[in-house]
Each structure stands twice: as C-alpha cells, then as structure tokens.
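Okay, so here's the structure we're looking at.
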Amino acid sequence: MNNLKSKKIFIVAGESSGDLHAGNLIYAVKEQFPEIDFYGMGGTKMQQAGARLTHDLRKVSVIGLVEVLSRLPTILRTLKELGNSLSIEKPDLAVLVDFPDFNLKLAEKLKKAGIPVLWYISPQVWAWRAERIPKLARLIDYMMVILPFEVEFYRKHNLNVHFVGHPLIDKVTPNFSSIETRNQLGFKTCDPVIALLPGSRNIEIKLLLPHLIKAAEILYSKDPKYQFVIPVANTIDPKKIESKITDAKAPIKVVSGKTYDIVACADCAVVAAGTATLETALLNTPAIIIGRVSRLTWFLWSRYTNLPYYGLPNYIIERKLMPELIQHQASGEQIAQKLEEILGSETEKAKLLEGYQEIRNRLGIGGASQNAAKVVIDVLFGEKEKYRFE
C-alpha cells in the first residue's frame with residue numbers, strides 16, 4: 001500500500017445521523033491509516049474525526065418538498081461547489097453517506113469524473129422511491145448496507161452490496177445509570193420522566209415542538225409529578241428551543257450533549273421519525289414516533305407513496321411495534337393520550353421491550369464502523385473484487 005500520504009477520500013453526509021456514522025467511519029479508517037485525507041461536507045462529528053469540512057451540512061439539511069424548495073438556491077450552490085472541488089482535490093474514492101436525493105446528484109458528477117463511489121447507509125428505496133434503483137445501480141460502484149434484508153434486495157438488482165452491521169449497535173449506550181442522570185438533571189428518582197425529541201432539523205423543531213409542549217402541558221395539568229426534558233441534537237442551537245418553551249405551562253428542561261443518558265433514564269419518550277427512533281429502541285425506552293411535514297408535502301407524499309410504517313424500528317421488525325402519530329395525528333392531545341396509555345400499562349411496556357430485543361437480534365453483528373472501514377480501505381487500495389456481485 002504505497003503513496004499513503006497522497007490518498008484522499010471525498011466524503012459527504014447531509015444530516016445529523018449521517019454525520020455520526022461518517023465520523024465513526026473516519027475514526028476507524030484513521031486508526032489504521034492516519035495519513036488518509038478526508039474532505040467534504042458534514043458536521044461536528046466528521047470534523048472531530050479529522051475530516052476537512054468544506055461545507056456545513058446544516059445549510060442543506062431539510063425534509064419535505066416545500067422545505068427543499070425554500071432552500072433550493074443554497075442546495076444547488078453547494079452541489080455545484082462540491083462538484084467543482086473534484087477537479088481540484090482529485091480524490092481517489094468517494095463515500096456518500098445516506099442523504100439520497102442530494103448524494104445521487106453528486107454521484108452523477110463523480111461518475112463523470114471517473115471517481116469510484118462507495119455508498120454507506122443505503123437509501124430506503126425498499127420503502128419508497130423504488131424508481132431510483134436503476135440510477136443507483138448505474139452510478140454506485142459499491143453499496144455498504146446496515147440492515148440484513150437489504151443484501152438480498154440489492155443483489156436482485158445487481159448491485160455490489162456488502163452487509164457491515166448496524167453502526168448504532170456499538171454506539172448507543174448511556175454513560176450514566178438512570179439514577180445518576182436523574183440526579184444530574186435535578187429530577188426526582190421516583191416520578192416519571194418523559195423525554196421529548198423534536199428532531200435534528202430546524203423545520204422539525206418548527207412543526208413538532210409546539211405539539212410536544214402542548215402534550216407536556218396537558219399531562220402536567222393532570223399531575224405535576226411528570227418531569228419533562230428535551231435532549232437537543234447537535235445540529236440545533238439550544239437557545240432556539242429555550243426561547244420557544246419560555247411561556248410553557250409545564251416545566252421542561254433543555255439539555256445538550258446527553259441524549260443517550262436522558263433517553264435511557266426516561267420512562268417514555270416521544271421521538272421524531274428518523275434515526276433517533278432506532279436509538280431509542282436500542283436504549284430500551286418505551287416510545288412514540290411522531291412526524292409532521294408541510295401540508296403541501298404531505299398532500300404529495302400521501303398520494304404518491306404507500307408506506308406501511310414511518311419508524312425505522314417498525315420496518316426492521318415488520319410490524320407496528322412503536323405507536324406512530326403522523327401529520328394531523330401528531331397533536332398535543334393525541335401525544336398526551338398515547339403517553340398515558342403506555343405509562344399506565346405494564347403490558348404495553350413489556351411488549352415494546354420484547355420487540356426491542358427482537359430488533360437487536362435482527363440487526364446482527366456489531367463492529368459496523370470497523371467493517372465499513374475495511375471495505376473502504378480495500379476499495380481504496382485496489383482490492384475490489386471481493387466486493388463484486390457474483
């Protein structure tokens with residue numbers, strides 16, 4: 001393996017979860033080859049791992065058609081700048097992490113530039129937007145998947161696919177016990193704690209936080225023993241949350257940097273649809289999945305998609321294990337009602353915990369970041385054939 005110092009990897013993540021997984025992947029590669037140069041778009045986790053960030057993911061991290069249109073000039077400019085960087089930086093390999101609509105556009109530029117493309121964290125085309133599969137097969141050289149059933153799915157479409165395990169299996173663990181975390185928060189150890197997770201994007205905060213506050217107010221008006229806490233994602237300024245709960249008729253703490261500890265100590269959580277739903281399941285906390293998009297986005301989604309589930313844990317286990325309150329159902333009243341149902345039923349909590357163990361079993365092997373790093377290193381240094389579809 002010669003010319004280590006000249007090896008360069010272009011890596012792009014467009015949201016908080018992708019930044020986390022990309023950061024762990026970079027760490028794993030650099031443990032073996034610290035000289036390899038990573039550059040591209042991401043967030044704090046990638047930067048901490050040693051990547052040179054030319055673009056901040058927060059400028060393009062949006063969800064929903066209407067929201068994308070409002071940010072379209074910034075998104076297009078970022079795409080153009082990242083594409084232009086290829087002729088200047090001349091990377092040996094590209095690693096695209098999830099974020100499918102944006103990264104597929106980048107993949108076209110990479111294909112034209114003759115740069116091998118390795119995709120990490122598969123687009124959920126098995127759930128929706130199946131029309132993207134031929135494009136993926138044409139543009140992507142290697143696919144690293146984190147869900148076991150994705151291997152067979154992609155092989156049917158002649159993609160070079162390799163299962164690396166789910167990266168959250170190794171990473172989702174609290175640092176403190178439930179009692180220790182409650183003490184740190186100033187909470188009573190015997191009264192119920194409810195964690196409210198409104199998402200990692202500003203648009204999610206705008207659409208979901210008012211309903212979470214309303215749910216807290218309803219429960220607190222019935223019984224002041226309830227204790228509420230919002231663990232803030234690293235892509236969100238805590239002050240934005242704090243400014244919105246100033247007049248709340250329930251005490252709600254806002255905490256940064258302790259998400260896993262807070263969720264693990266909670267009796268129940270309300271979680272925005274996304275990676276955090278799986279993290280909550282792996283922390284064994286009973287939870288409700290909520291989701292909202294703009295009315296126009298919902299109008300289009302509801303007519304052109306037919307999703308059986310919105311929560312990733314429910315996809316993995318292939319049934320609606322975690323309750324889902326989507327769009328108009330995600331109201332303060334319905335969230336409060338569902339929380340009371342779960343907190344008041346030992347049977348419901350036991351069913352959720354049993355399902356969480358089944359999810360762990362299905363996710364299989366650990367060491368995903370190390371396994372993915374091995375694929376990256378092999379492809380980077382020419383040992384590609386072992387990952388070819390046969």
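The values are calculated or read from the model by the stated rules, or taken from the named source; none is laboratory data. Since the model is a prediction, treat every value here as computed from it, not as a measurement. FYI the Cβ positions are ideal-geometry reconstructions off the backbone, even for glycines, and counts take in every protein chain you see.
What to note about this one:
- If you go through segment 319-329 and keep only what is more than 15 Å from residue 277 (Cα to Cα) and modelled with pLDDT of 95 or more, you end up with just 329.
- Of the set (1) touching a residue at least 24 places away in the same chain (Cβ under 8 Å); (2) closer than 27 Å to residue 56 by Cβ, all apply to residue 206 but (1).
- Residue among 216, 266 that alone is farther than 23 Å from residue 16 by Cα, in contact (Cβ under 8 Å) with a residue 24 or more places away in the chain, in contact with a strand residue (DSSP E or B) (Cβ under 6 Å, 6 or more places away or on another chain) and crowded, with 24+ Cβ neighbours inside 10 Å: 216
- Residue 239 meets all of the listed conditions (1) more than 27 Å from residue 348 (Cβ to Cβ); (2) touching a Pro at 6+ places or on another chain (Cβ under 7 Å) but one, namely (2).
- The listed residue being part of a loop (DSSP other than H, G, I, E, B) and not assigned by TED's automatic domain parsing to the domain that holds residue 275, out of 12, 29, 95, 62: 62
- Residue tally, condition in a helix (DSSP H, G or I), loosely packed, with under 14 Cβ neighbours inside 10 Å and without any contact (Cβ under 8 Å) to a residue 12 or more places away in the chain, over segment 309-340: 1
Condition check ((1) within 23 Å of the chain's Cα centre (by Cα); (2) assigned to a helix (DSSP H, G or I); (3) within 21 Å of residue 247 (Cβ to Cβ); (4) hydrophobic (A, V, I, L, M, F, W, C)) across all residues:
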site: 196; (1), (2), (3), (4): yes, no, yes, yes
site: 205; (1), (2), (3), (4): yes, yes, yes, yes
site: 211; (1), (2), (3), (4): yes, yes, yes, no
site: 214; (1), (2), (3), (4): no, yes, yes, no
site: 221; (1), (2), (3), (4): no, yes, yes, no
site: 230; (1), (2), (3), (4): yes, no, yes, yes
site: 234; (1), (2), (3), (4): yes, no, no, no
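- The set of residues in segment 147-197 being within 24 Å of residue 340 (Cβ to Cβ) and modelled with pLDDT under 90 is empty.
- Sole residue being crowded, with 22+ Cβ neighbours inside 10 Å, touching a residue at least 12 places away in the same chain (Cβ under 8 Å), of a type outside the set (Lys, Arg) and in the same structural domain as residue 338 (by TED's automatic domain parsing), chosen from 254, 232: 232
- Residue 180 being acidic (Asp, Glu) and over 24 Å from residue 371 (Cβ atoms): yes
- Filter result for residue 181 (outside the structural domain of residue 71 (by TED's automatic domain parsing), surrounded by 19 or more Cβ atoms within 10 Å (Cβ to Cβ) and either farther than 25 Å from residue 308 by Cα or of a type in the set (Asp, Glu) (or both)): yes
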